[in-house]
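**Student:** A single structure is presented below for examination.
The values are calculated or read from the model by the stated rules, or taken from the named source; none is laboratory data. Values in this document were obtained by computation on a predicted structure and should not be read as measured data. For neighbour counting, all protein chains shown are included, and Cβ atoms are generated from backbone atoms with ideal geometry for every residue, glycine included. For the accessible areas, the whole protein counts, side chains as well, though only heavy atoms, and no ligand, DNA or RNA atoms are used. Shrake-Rupley method; radii C 1.70, N 1.55, O 1.52, S 1.80 Å.
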Amino acid sequence: TLRSLKISFHQTIDSVRKFLSKTSNLRTLDLALRNIPIDGQALEELFRQYLPHLNELRLRVDVELSPSADFERQIDRLLDSFRSDFWLAEHR
């Protein structure tokens, strides 16, 4: 049974979802997501649904934001999506 994993995804969120659905016994996950449009709420849902035993999480999310006048607003929205009890208290 796989309990610890370091992995990087460069595809779609569906590929991440399919993979995580097969790894429900993970306790430790080091996950890098590159150019996959996702936010903290969507990731929280995935982790709660597919990784009930997760104790330790290292997460790196690299995203491209569209260059526009509301660039700061895009950053604020993304950061705000990670300001839930799941991220701040449970997974610090």
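**Student:** Restricting to the stretch 7-43, and then to whatever is assigned to a loop (DSSP other than H, G, I, E, B) and among the polar types (S, T, N, Q), can you tell me which residue is farthest from the chain's Cα centre (by Cα)?
**Tutor:** N25
**Student:** While we're looking at this one, here's another question. Confirm whether L46 is of a type outside the set (G, A, S) and assigned to a helix (DSSP H, G or I).
**Tutor:** It is true that L46 is of a type outside the set (G, A, S) and assigned to a helix (DSSP H, G or I).
**Student:** Another question about this same structure. Take the conditions aromatic (F, W, Y) and over 15 Å from the mean Cα position of the chain (by Cα) and apply them to F71. Does it pass?
**Tutor:** Judged against the criteria, F71 is a match.
**Student:** List the number of the failed condition for R48; all other conditions in (1) among the basic types (K, R); (2) farther than 22 Å from S84 by Cβ; (3) touching a residue at least 12 places away in the same chain (Cβ under 8 Å) hold.
**Tutor:** Single failed check for R48: (2).
**Student:** Let me ask something else about it. I need the full set of residues from the stretch 41-53 which are open to solvent by 20 Å² or more (accessible area, probe 1.4 Å) and either modelled with pLDDT under 90 or of a type outside the set (F, W, Y) (or both), in order please.
**Tutor:** Selection gives Q41, A42, E44, E45, R48, Q49, P52, H53.
**Student:** Please specify each residue of the stretch 64-81 satisfying the condition of being open to solvent by 50 Å² or more (accessible area, probe 1.4 Å), assigned to a loop (DSSP other than H, G, I, E, B) and touching a residue at least 24 places away in the same chain (Cβ under 8 Å).
**Tutor:** Correct list: E64 only.
**Student:** From the set of residues in the stretch 1-40 that are polar (S, T, N, Q), modelled with pLDDT of 90 or more and within 21 Å of F82 (Cβ to Cβ), which is surrounded by the most Cβ atoms within 10 Å (Cβ to Cβ)?
**Tutor:** Of everything passing the filter in the stretch 1-40, T28 is surrounded by the most Cβ atoms within 10 Å (Cβ to Cβ).
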